[in-house]
Amino acid sequence: MNFKYSFLFLFVAFLGLTFSACVDQEFDEPPGRNLPALEANATIQQVKDLHTLGGDASEITEDWIIAATVVADDASGNLYQQLVIEDASAGIVIRLGNSGLYTLYPVGTELFIKLKGLYVNDYNNLYQIAGDASGGLIAGPLIGEYVVAGETKEVTPTPTSLEEVLSNQTTFNNLLSRLVAMEDMQFAAVDLGDTYALPGGGGGRNRTMEDCFGNSVTVRNSDFADFAGQPIPEGNGPLVGVLSVFGTTVQLTLRNTEDVQFNGERCGVSTGGELVSIANIRAAYNGGSNSAPDDSKIRGVVISDKDNGNFNGRNMVIQDGTAGIVVRFSSNHNFALGEEVEVSISGLELSEFNGLVQINNVPVGNAVSQGNGTLPTPRVATVAELLANGDAWESTLVRINMATMNGGPTYGDGVTIGDGTGTISMFTFFSASFSGNTIPTGEGVLTAILSDFNGLQLNMRNASDADFEGGTGGDPTEITAAELRAIFEGGGSSVPAAKILKGVVISDAGNGNLTGRNLVLQDASGGIVVRLTADHTFALGEALEINVSNQELSEFNGLLQVNNVPNANALSFGPGTLPAPRMATIEEVTDNLEAWESTLVQIVDVSVVEGGTYSGSKTLQDDTGEIQMFTRTQASFANSNVPAGQFAVIGIVSQFNDPQIIIRNLNDIIE
């Protein structure tokens with residue numbers, strides 16, 4: 001070895017030993033977030049307990065601090081300007097006036113929230129922490145004053161099942177706004193081949209998630225989510241999501257598609273067994289009680305309507321090309337009118353209930369949806385023919401032309417159907433959405449299911465089955481607000497049969513400036529007041545479809561309304577897109593009062609003549625004229641002071657013998 005290189009090696013080795021002896025082996029961690037010196041002195045459940053669902057927002061006046069973990073953020077765009085947080089006690093939504101919240105508060109971040117001066121309210125039964133009394137956002141510049149980020153924590157969803165959530169109110173309450181995990185989930189067959197939402201659609205889409213036991217839940221996806229255009233997975237597997245609610249509709253909110261691991265084989269694709277016609281099953285019934293054939297199943301289209309309440313929640317009537325039959329489940333089911341269903345009936349009980357043949361005590365899991373089916377064409381028959389063929393035609397759809405109704409005065413009071421060839425009873429449950437509707441006069445067309453209760457009887461599915469204005473009855477068609485107004489102007493006092501009204505709620509039930517039974521709906525053609533039979537919880541901006549068939553059209557002090565509509569006739573499709581207010585002067589509003597009634601307008605450069613608070617009737621004026629602005633004493637903002645100078649106002653055009661503007665909340669006042 002060359003001595004020079006040997007010396008160099010030894011020297012370097014010596015230096016290495018020297019440095020090794022001097023270097024501190026306790027490595028410093030890189031600098032990180034400064035953890036706040038804050039401690040929680042309250043819980044989310046204590047915050048929620050301050051608020052009564054449906055009531056005014058509750059201000060938090062105590063020096064409370066909660067410590068909660070972010071379990072869902074806005075990274076995918078399926079949430080916007082809100083985070084979902086939870087602690088050991090409960091979960092809740094917090095509304096924050098910034099986008100890109102995930103860059104500061106990603107999932108797993110512990111948040112210390114200083115609550116004094118904030119509010120707790122609910123958006124259609126979903127609790128939230130808000131920035132003001134109207135449920136508004138915590139303003140972006142103020143977020144740092146209330147929200148302080150702490151360390152990152154592991155997020156573990158709470159395991160549960162869909163059946164437990166839907167059947168146990170305590171479980172639902174405990175898990176609301178929490179991240180949950182469910183096994184053996186899948187999208188309903190009707191949604192397969194579709195995408196999560198509609199990119200560029202400007203709103204959101206409802207999809208249906210189901211388990212393997214016949215339970216289903218709505219999944220609400222935003223059109224702005226980065227996964228909106230991705231195809232819905234067709235398999236089965238574990239699901240993670242946030243449990244939510246909209247009104248009375250239980251929902252799940254997805255954070256991203258990684259929470260949907262549907263790679264397994266779908267459950268319920270086939271029930272197994274040999275497909276047998278319903279006619280053959282009816283023929284197998286020999287009186288008393290016996291069993292359906294082994295290794296057998298039936299398939300048919302649901303002709304009963306669970307949504308309108310005229311059938312027991314455990315009963316489903318299905319019809320195939322040969323006959324119809326009642327399937328009585330062991331618990332309530334979720335199969336809708338028009339859905340095709342396959343049911344495994346091997347060895348199950350065939351029996352009669354007061355003369356009506358049924359397959360009894362069928363586990364809900366034995367029935368599997370095959371997606372949307374084609375409703376059978378009702379058999380056109382006279383009453384005499386129905387009475388003569390009751391056993392063969394039982395549990396099928398029938399139609400009677402030139403029918404008359406006697407009895408009543410409402411459907412729920414008992415009705416007899418006649419057509420000149422005979423008479424037959426028609427039974428309506430008091431729970432039916434149309435039970436309180438007045439029966440029509442004159443002749444018409446009646447569609448119903450032929451049934452039996454110690455004698456043949458008819459069961460309507462919904463109010464649209466009675467068409468006493470001519471036509472063929474059946475499924476309703478859409479009618480616009482403008483068309484309803486034209487009917488009334490032409491002397492009509494009721495809506496034609498088989499009509500639905502679609503639109504977006506422009507009134508604000510949460511702030512109390514309309515009576516609790518009234519909502520104002522606006523579509524592309526105009527607006528109209530819908531007065532329900534009971535107080536409602538439909539929220540500002542909610543998209544609704546309302547069955548207005550045969551409902552009363554009338555004026556109340558000059559304001560046109562569809563009157564006494566059963567609440568069950570209104571179906572929510574979740575948040576919609578509010579129409580842009582029409583820019584106008586006061587003179588233009590009064591000149592176009594009838595055409596613009598029950599629509600949104602915006603008037604600039606107005607002032608209030610009297611000053612004071614909003615409560616009662618105030619005179620709005622601009623350079624073109626004057627109009628009354630009315631505020632109920634029950635409105636959340638009634639005791640707030642009106643602006644002293646000029647401002648812009650957004651409001652609903654209304655009437656109470658004279659023209660009025662109705663504001664919805666203080667966000668309608670733009671200073």
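Put the Cα centre of the range 493-547 next to the Cα centre of the range 611-671 and the gap is 21 Å. Since only THR52, MET426, THR631 are under comparison, the one whose Cα sits farthest along the positive direction of the charge dipole of the chain, derived from C-beta charges on Lys, Arg, Asp and Glu, is MET426. In plain terms, the bigger the Kirkwood radius, the slower the diffusion; for the range 477-575, with that radius from Cα pairs, at 37 °C and 0.692 mPa s, Stokes-Einstein puts D at 249 µm²/s. Take the Cα of SER291, go 7 Å toward its beta carbon, and the backbone nitrogen atoms of the range 314-353 under 12 Å from that spot belong to 346-350. Cross-link partners of LYS116 among aspartates and glutamates, defined as those whose alpha carbon lies under 19 angstrom from its own and excluding same-chain residues fewer than eight positions apart: GLU39, ASP49, ASP56, GLU59, GLU62, ASP63, GLU86, ASP87, ASP132, GLU145.
Cβ-Cβ distance of LYS114 and GLU588, R₀ of 56 Å, FRET efficiency by 1/(1 + (r/R0)^6): the value works out to about 0.75.
The fewest-to-most ranking of LEU83, LEU337 by surrounding Cβ atoms within 10 Å reads LEU337, LEU83.
Placing one equal scatterer on every Cα of the range 93-206 and applying the Debye formula, the log10 ratio I(q)/I(0) at q = 0.20, 0.22, 0.23 Å⁻¹ is -1.27, -1.28, -1.28. Ellipsoid fit via the Cα gyration tensor, the range 582-670: semi-axes of 19, 14, 11 Å, each the root of five times an eigenvalue, largest first. Just grab the label-to-label distance for SER425 and ASN263, each label 7 Å out from Cα along the Cβ direction, in nm (one decimal). About 5.9 nm separates the two model spin labels.
The charge dipole of the range 158-259, taken about its Cα centre with unit charges on the Cβ atoms of Lys, Arg (+1), Asp and Glu (-1) only, comes to about 380 debye. Once both axes come from the Cα atoms, what is the angle between helix 3-22 and the longest principal axis of the chain, in degrees from 0 to 90, rounded to 10? In the chain, helix 3-22 runs at an angle near 70 degrees to the longest axis.
Measuring nothing but how far apart in sequence close Cα pairs (under 8 Å, 6+ apart) lie, relative to its length, the range 582-670 scores a relative contact order of 31 percent.
Each principal axis of the Cα atoms in the range 379-467 has its own extent, and those three values, largest first, are 32, 25, 20 angstrom. Please give the FRET efficiency for ASP623 paired with GLU59, using the beta carbon to beta carbon distance and R0 = 56 Å, rounded to the nearest 0.05. Using R0 = 56 Å, I get an efficiency of 0.90. Highest-first packing order for the peptide set 596-603, 448-455 is 596-603, 448-455, based on the mean count of other beta carbon atoms within 10 Å. To the nearest 20 debye, what is the magnitude of the charge dipole of the range 44-152 about its Cα centre, counting +1 on the Cβ of each Lys and Arg and -1 on the Cβ of each Asp and Glu? Dipole magnitude for the range 44-152 comes out near 160 debye.
Rounded to the nearest 20, the size of the Cβ-charge dipole of the chain about its Cα centre is 580 debye, with Lys and Arg at +1 and Asp and Glu at -1.
Cross-link check: pairs LYS114/LYS618; LYS48/LYS153; LYS297/LYS499 evaluated at a Cα-Cα cut-off of 30 Å; pairs beyond the cut-off: LYS114/LYS618; LYS297/LYS499. If the chain linking ASN406 and ASP194 were pulled fully straight, counting 0.36 nm for each residue of separation and taking away their Cα-Cα distance, it would gain 71.6 nm. Expressed per residue, the C-alpha convex hull volume of the range 274-372 stands at 87 Å³. Taking amide hydrogens as placed 1.01 Å from N in the peptide plane, the amide H of ILE663 sits under 5 Å from those of PHE630, ILE652, each at least 5 positions away in sequence or on another chain. The simple Förster model, with R0 at 35 Å and r as the Cβ-Cβ distance, assigns ASN256 and ASP658 a FRET efficiency of 0.05.
Most simply put, the range 158-259 has about 85% antiparallel DSSP beta bridges, counting only bridges with both residues inside it. Take each peptide in 196-207, 113-124, count the other Cβ atoms within 10 Å of every residue, and average; sorted highest first, the result is 113-124, 196-207. From largest to smallest, the equivalent ellipsoid semi-axes obtained for the chain from the alpha-carbon gyration tensor read 53, 41, 19 Å. Of all beta bridges that DSSP places with both ends in the chain, some 85 percent have antiparallel geometry. Only Cα pairs under 8 Å and at least 6 apart count here; give the relative contact order of the chain as a rounded whole percent. Once normalised by length, the contact order is 7 percent.
Taking the average, over residues, of other Cβ atoms within 10 Å as the packing measure, peptides 363-371, 550-558 rank 363-371, 550-558 from highest down. D by Stokes-Einstein for the range 158-259, Kirkwood Rh over Cα pairs, 37 °C, 0.692 mPa s: 239 µm²/s. Compared with the alpha-carbon gap, the fully stretched path from ASN173 to LEU104 is longer by 21.9 nm at 0.36 nm per residue.
Stretching GLU483 away from GLU443 to a fully extended chain increases their span by 12.0 nm, per 0.36 nm per residue minus the current alpha-carbon distance. Using C-alpha pairs under 8 Å with a sequence gap of at least 6, the mean separation divided by the residue count of the range 274-372 gives a relative contact order of 31 percent. Over the chain, dividing the summed -39,500 (n - 2.57) contributions of all DSSP H runs of at least 4 residues by the number of residues returns a 222 nm mean residue ellipticity of -3000 deg cm²/dmol.
Read-outs: derived from the displayed coordinates by stated rules, not from any lab. Keep in mind that what you see is a predicted model, and the values were worked out from it rather than measured. Cβ: placed from backbone, ideal geometry, glycine included. Neighbour counts: every protein chain shown.
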